[in-house]
Amino acid sequence: MSVVNGVGLKSYSVVVGSFSIKANAEGLQQRLRNAGYEAQVAYNAGNNMYRVISATFASKADAVTSRNQFRSKYPDAWLLFKK
């Protein structure tokens, strides 16, 4: 997983969308940024998908809280763990 647009990922990240087309991922990223989030786009070469990350945290508990909040608008939001 490599960040293609953003400042970098901490251990736990909240993924709110996955796209095969980079422009679609960047569109969602921009909407999140316009709403005040430091959204990032990361590319997973293994499955050729661009993941939109709404927030990234060092703490799993903080990431879970954020994911649960995002699920009201993005029901499929999930946590990505980076070793």
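The values are calculated or read from the model by the stated rules, or taken from the named source; none is laboratory data. Just so it is clear, the model here is predicted, and its values are computed rather than measured. Positions of Cβ are generated from backbone atoms using ideal geometry, with glycine treated the same way; all protein chains shown enter the neighbour counts. Ligands, DNA and RNA are excluded from the accessible area calculation, which covers all protein heavy atoms including side chains. Shrake-Rupley method; radii C 1.70, N 1.55, O 1.52, S 1.80 Å.
Return the total of residues in segment 43-58 being in contact (Cβ under 8 Å) with a residue 40 or more places away in the chain and out of contact with any helix residue (DSSP H, G or I) (no Cβ under 9 Å at 6 or more places or on another chain).
3
Residue by residue, here is whether (1) in contact with a Cys (Cβ under 9 Å, 6 or more places away or on another chain); (2) modelled with pLDDT of 95 or more; (3) closer than 21 Å to Arg67 by Cβ; (4) of a type in the set (A, V, I, L, M, F, W, C) holds:
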{"site": "Ser2", "(1), (2), (3), (4)": "no, no, no, no"}
{"site": "Ser11", "(1), (2), (3), (4)": "no, yes, yes, no"}
{"site": "Ile21", "(1), (2), (3), (4)": "no, yes, no, yes"}
{"site": "Gly36", "(1), (2), (3), (4)": "no, yes, yes, no"}
{"site": "Val52", "(1), (2), (3), (4)": "no, yes, yes, yes"}
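Could you list all residues from segment 39-50 that are among the hydroxyl-bearing types (Ser, Thr, Tyr) and either crowded, with 20+ Cβ neighbours inside 10 Å or under 10 Å from Tyr12 (Cα atoms) (or both)?
If the condition is that a residue be among the hydroxyl-bearing types (Ser, Thr, Tyr) and either crowded, with 20+ Cβ neighbours inside 10 Å or under 10 Å from Tyr12 (Cα atoms) (or both), then Tyr50 is the only one that fits.
Taking segment 1-24, which residues are open to solvent by 60 Å² or more (accessible area, probe 1.4 Å), more than 19 Å from Ala77 (Cβ to Cβ) and in contact (Cβ under 8 Å) with a residue 24 or more places away in the chain? Steps first, answer last, please.
Narrowing segment 1-24 to residues open to solvent by 60 Å² or more (accessible area, probe 1.4 Å): 1, 4, 7, 10, 20-24.
This time we only want the ones that are more than 19 Å from Ala77 (Cβ to Cβ), so: 4, 7, 21-23.
Correct list: Val4, Val7, Ile21, Lys22.
Confirm whether Gly17 is out of contact with any strand residue (DSSP E or B) (no Cβ under 9 Å at 6 or more places or on another chain) and either within 15 Å of Met1 (Cβ to Cβ) or in a strand (DSSP E or B) (or both).
No.
Give Ala58, Ala77, Ala45, Ala35 a once-over and let me know the one that is under 11 Å from the mean Cα position of the chain (by Cα) and of a type in the set (Gly, Ala, Ser).
That would be Ala77, the only listed residue that is under 11 Å from the mean Cα position of the chain (by Cα) and of a type in the set (Gly, Ala, Ser).
Considering only segment 51-83, state which residues are in contact with a Gly (Cβ under 9 Å, 6 or more places away or on another chain) and either open to solvent by 80 Å² or more (accessible area, probe 1.4 Å) or not polar (S, T, N, Q) (or both).
Arg51, Val52, Ile53, Tyr74, Asp76, Ala77
Among the residues in segment 26-36, are any open to solvent by 60 Å² or more (accessible area, probe 1.4 Å) and in contact with an Asp or Glu (Cβ under 8 Å, 6 or more places away or on another chain)?
no
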